[in-house]
Amino acid sequence: MDITIHTTALPHDDPDASLVFYRDALGFEVRSDVGQGKMRWITVGPADQPGTSILLTPPAADPGITEDERRTILEMMAKGTYGWILLATRDLDATFERVRAGAGEVVQEPTEQPYGIRDCAFRDPAGNLIRIQELR
């Protein structure tokens, strides 16, 4: 079987702030930006990995979601408990400094975890948890 990860989705509530974070702080290229106002679907990804993307989506844009579900999603986003992703880099310290300088909200500085991974964590402008692991 030949399956790859093509795109994963994270919600955004401020497309312009999300663009700044993913493009400028993380260094991802913008592959598409469709829609208007807060109803924009933005695809970003590492320039050297054209087949792997993150789709930044308006939260609860699905017309099948109830107002109660929409409220719950927005509440979870505000608490930072709705979306998250794991990224990886060979130079964790330099990546951490770049993201911190790019106004990423630091959740955890680079730390050696007891389970053998060294990583750090940020929240993006929508509250999504972005963990970055060091490749060894």
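Rounding to the nearest 10 and keeping the result within 0 to 90°, find how far the Cα-based axis of helix 67-79 lies from the longest principal axis of the chain.
Result, in degrees: 30.
Considering only the other residues whose Cβ falls under 14 Å of the Cβ of Arg90, what net charge follows from Lys and Arg at +1 and Asp and Glu at -1? List each step's numbers first, then the result.
On the way: positive: Arg98, Arg118, Arg136; negative: Asp48, Asp91, Asp93, Asp119, Glu134.
Within the 14 Å Cβ shell, the charges total -2.
Against the longest principal axis of the chain, how steep is helix 92-101, in degrees 0 to 90 to the nearest 10, with axes from Cα atoms?
50 degrees
Give me a comma-separated list of calculated 3J(HN,Hα) values for the range 8-21, in order, Karplus coefficients 6.51, -1.76, 1.60 applied at θ = phi - 60°, integers in Hz, x for any Gly or Pro.
10, 10, 10, x, 9, 10, 8, x, 5, 5, 5, 4, 4, 5
Within the range 66-120, list the chymotrypsin sites (Phe, Trp or Tyr not before Pro) lying in a DSSP loop whose Cβ has at most 12 other Cβ atoms in a 10 Å radius. Display every interim value, and only then the final one.
Values: sites: Tyr82, Trp84, Phe96, Tyr115; in loops: Tyr82, Tyr115.
In loop regions of the range 66-120 (DSSP not H, G, I, E or B), the sparsely surrounded chymotrypsin sites (Phe, Trp or Tyr not before Pro) are Tyr115.
Mind ranking Ile42, Ile5, Ile117 by accessible surface for me, highest first, 1.4 Å probe? Please list the in-between numbers first.
On the way: Ile42 0, Ile5 130, Ile117 50 Å².
Sorted by accessible area, descending: Ile5, Ile117, Ile42.
So between Glu109 and Thr52, what do we pick up on full extension, going 0.36 nm a residue minus the alpha carbon distance? Please report the intermediate quantities before stating the final value.
Working: separation 57, 0.36 × 57 = 20.52 nm, distance 2.61 nm.
Taking 0.36 nm per residue and subtracting the Cα distance, the gain is 17.9 nm.
Where does each of 19-31, 122-134 land if you order them by average Cβ count within 10 Å, highest first?
On the way: 19-31: 18.0, 122-134: 20.5.
So the order, starting with the most tightly packed, is 122-134, 19-31.
Using the Karplus curve 6.51 cos²θ - 1.76 cosθ + 1.60 with θ = phi - 60°, what ³J(HN,Hα) values do you get for each residue of the range 121-135, in whole Hz, with x for Gly and Pro?
Using θ = phi - 60°, the values come out as 8, 9, 10, 7, x, 8, x, 5, 7, 10, 9, 10, 9, 8, 6 Hz.
What is the set of long-range amide H partners of Ala9 at a cut-off below 5 Å, with H atoms built 1.01 Å from backbone N?
Under 5 Å from the amide H of Ala9 lie the amide H atoms of Leu55, each far enough along the sequence or on another chain.
At 1.4 Å probe size, with every protein chain present, just tell me what the per residue accessible area of the chain comes to in Å².
Values: 7950 Å² over 136 residues.
For the chain, the per-residue accessible area is 58 Å².
Add -39500 (n - 2.57) for each DSSP H run of 4 or more in the chain, then divide by its residues: what number comes out at 222 nm, to the nearest 500 deg cm²/dmol?
Details: 3 runs with 28 residues, N = 136.
-6000 deg cm²/dmol, from helical runs alone.
So if I place +1 on the C-beta of Lys and Arg and -1 on the C-beta of Asp and Glu, and nothing else carries charge, what would the dipole magnitude of the range 1-125 be about its Cα centre? I want it in debye, nearest 20.
On the way: 12 positive and 21 negative charges, 19 e Å.
Value, rounded to 20: 100 debye.
With both partners inside the chain, how many of the DSSP beta bridges are antiparallel, as a percent to the nearest 5?
That works out to approximately 65 percent antiparallel.
Roughly what would the spin-label model give for Ala94 and Met39, points 7 Å off Cα along C-beta, in nm?
For the pair Ala94/Met39, the computed spacing is 4.3 nm.
The values are calculated or read from the model by the stated rules, or taken from the named source; none is laboratory data. Bear in mind that the values here come from a model prediction, so they are computed numbers and not experimental data. Reconstructed Cβ throughout: ideal geometry from the backbone, glycine too, with neighbour counts over all protein chains shown. Heavy atoms of the whole protein, side chains included, go into the accessibility calculation; ligands, DNA and RNA do not. Shrake-Rupley method; radii C 1.70, N 1.55, O 1.52, S 1.80 Å.
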